[in-house]
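Reviewing the structure listed below.
The values are calculated or read from the model by the stated rules, or taken from the named source; none is laboratory data. In this text, all values refer to a predicted model and were calculated from it rather than measured experimentally. Here Cβ is always computed from backbone atoms with ideal geometry, including for glycine, and neighbour counts include all displayed protein chains.
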Amino acid sequence: MRFLLVLVGFVGLFVGCDSSPPPPEATGLVEWARVADEQVPRIVTRDPDGSLRVTKLGLVVVDGGGYIRTRGTRWLVNIERDPDVVLWIGAAAHPLRAERVTDPALATRILDAFSKK
């Protein structure tokens, strides 16, 4: 299972991560097919001062992986500095790790999925 971060000019992958302490209500792996229609997932990143930043975002599922996108945001800078994040879907929190996706064909399919959503 994977979670990909798609940005205009940046694409990243989120994979399960145990390196950052999740909130007490954190759950296990994300079942992407079950959350594909989630309207308001949130990502939790850390600002440089250590404070948490919670951001609402869009989500698509492509090839069994969950994808989000952004460009030029503070939370993108946070992810680039510290890729350990928490993804909130409904009431469930999932600790994940962001990785940049470099496959242009995959990025195109993800962006196409966003345009159809």
Legend entry - Unmet criterion (only one of (1) farther than 27 Å from Ser115 by Cβ; (2) of a type in the set (S, T, N, Q); (3) surrounded by 14 or more Cβ atoms within 10 Å (Cβ to Cβ); (4) at pLDDT 75 or above) for Ser20: (4)
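The rows are residues; the columns are (1) at pLDDT 85 or above; (2) of a type outside the set (Gly, Ala, Ser); (3) surrounded by fewer than 17 Cβ atoms within 10 Å (Cβ to Cβ).
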{"site": "Glu31", "(1), (2), (3)": "no, yes, yes"}
{"site": "Val35", "(1), (2), (3)": "no, yes, no"}
{"site": "Gln39", "(1), (2), (3)": "no, yes, yes"}
{"site": "Gly72", "(1), (2), (3)": "no, no, yes"}
{"site": "Val77", "(1), (2), (3)": "yes, yes, yes"}
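Can you report the number of residues in region 98-108 which are exposed (fewer than 15 other Cβ atoms within 10 Å of the Cβ) and touching a strand residue (DSSP E or B) at 6+ places or on another chain (Cβ under 6 Å)?
Qualifying residue count, region 98-108: 1.
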Legend entry - Scan of region 85-94 for residues that are at pLDDT 85 or above and either over 10 Å from the mean Cα position of the chain (by Cα) or among the aromatic types (Phe, Trp, Tyr) (or both), ordered by number: Trp88
Legend entry - Every residue from region 79-94 that is touching a residue at least 24 places away in the same chain (Cβ under 8 Å), exposed (fewer than 14 other Cβ atoms within 10 Å of the Cβ) and farther than 23 Å from Ala33 by Cα: Arg81
